[in-house]
Amino acid sequence: MAIREIVTLPDPVLRRKTRKVMELGPELQTLIDDMIETMRAEPGVGLAANQVGVSWRVIVVEYGDEEDEDVPPRLYVVVNPEFTRLSKEMIVDTEACLSIPGYVGNVERYESLTVKGLNRRGQPVAIKAKGWLARIFQHEVDHLDGIVFTDRADTVWKIEGEPSQVVSE
């Protein structure tokens, strides 16, 4: 496993739609391991493959129980993720991104959803998520479609004391 460099705007890989994974071989397994290590080192709660420069439809998410901090975070690996159910309810909250350091913004997202895809071994998975977990999945899948949170934000602002970064092209 290795920590990979996080790609930041304006790198064009963040704006390209990623390719569906067709083979779940050793190269994919190494990528997944590296993404997990990179996400944890940052630290982050989610990471899309194109954020480490690989244009494949792969995300990793690690998030704990919102109501119980004693419950350890759960790790999700989803290959070729897609949403099969989105709630009618929407919620606006603040997001940030490892690929846009120094900025946060208010983004409207679905309150709950179901995401399906494959786990790292190629077995089908369907994950029901609500609240922050649903928000994280939407944020990471957006990356796979070449969308960053600032594209969806109604307001974006710089975090005091953080380095400047390009937030749009």
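All of the numbers you see were taken from the coordinates with simple rules; none came from a lab. On a predicted model such as this, the values are computed, not experimentally measured, just so you know. Cβ: placed from backbone, ideal geometry, glycine included. Neighbour counts: every protein chain shown.
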Legend entry - Pairwise FRET efficiency - Leu75 versus Ala2, Cβ, R0 = 25 Å, nearest 0.05: 0.90
Inset, instruction - In nm, give the distance between the simple-model label positions of Gln123 and Arg40, each being 7 Å from the Cα along the Cα-to-Cβ direction. - result: 2.1 nm
Inset, instruction - Please get the size of the charge dipole for the chain, origin at its Cα centre, with Cβ charges of +1 on Lys and Arg and -1 on Asp and Glu, quoted in debye to the nearest 20. - result: 880 debye
Inset, instruction - State, to one decimal in nm, how far the label point of Asp145 lies from the label point of Asp33, with both points 7 Å from Cα in the Cβ direction. - result: 3.3 nm
Inset, instruction - Could you tell me which chymotrypsin sites (Phe, Trp or Tyr not before Pro) in segment 1-89 are loop residues by DSSP with no more than 14 other beta carbons within 10 angstrom of their beta carbon? - result: none
Inset, instruction - Please compute the net charge surrounding Asp34, taking Lys and Arg as +1 and Asp and Glu as -1 over other residues with Cβ under 13 Å from its Cβ. - result: -2
Inset, instruction - Please go through segment 83-154 and write out the GluC sites (Glu not before Pro) that DSSP classes as loop and that have at most 10 other C-beta atoms within 10 Å. - result: Glu89
Legend entry - Length-normalised contact order for segment 35-81 - Cα pairs under 8 Å, 6+ apart - percent: 30 percent
Legend entry - Computed over segment 12-158: relative contact order in percent, which uses C-alpha pairs under 8 Å that are six or more apart: 26 percent
Inset, instruction - Please sort by residue number the trypsin sites (Lys or Arg not before Pro) in segment 45-128 whose DSSP state is loop and whose Cβ has at most 16 other Cβ atoms within 10 Å. - result: Lys88, Arg121
Legend entry - Under-30-angstrom lysine pairs by C-alpha in segment 12-158, whenever the two are 8 or more apart or on separate chains: 15
